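Any read-out appearing in this document is the output of simple, stated calculations on the displayed coordinates, not a laboratory observation. What you see is a predicted model; the values in this text were computed from it and never measured. Here the Cβ is made from the backbone with ideal geometry for all residues, glycine too, and neighbour counts use every protein chain on show.
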Amino acid sequence: MKTRNIAIATLAALTAMTIAPCVVPVSAATTLNSSPVIAQEAVRLQRPFINTVSKSYQGYDGVKLTFAFNDVEGVRGIANGYEAGVSRREVGAKTWNSSEVVDANEFDDDGFPIFTIVAPQDYEFAVKIRAYYEINGKRYYSDWSDTAYGDTRMPCSN
């Protein structure tokens, strides 16, 4: 009986207490099923930097442009992948006539990330790269890199 009285007294004391509301930072919040809610701060990635742009001639296939960039790290380690924002125009045109975002998950022989384009000659390309983490099917992006430019002009073209 003594144990039961202690339990009732403890329950009564707890019931009488005023409990202050708990404020949880967004990055530490959880959903009802206890899986973490990932805040943008928790997946912040560095912005990629395009190091070099090179071109090689591919015969009838055209010209291959290679944009080499750095691996990006964030608070969760190396990024899961990369995307390239690509704009294209004919050499000499004043406006870019097409733009798209595509996966950029290629690597050179040394394991560094690259983005390649094979296109007919006499086109100019503007490329920017962003990194992402993918968590539960949702992508969290870095800022875009600065834009790098390349063209598919042959050496004798003006």
More than 22 Å apart - percent of Cα-Cα pairs taken over the range 46-151: 32 percent
Label-point separation, V91 to N51 (7 Å along Cα→Cβ), nm: 2.8 nm
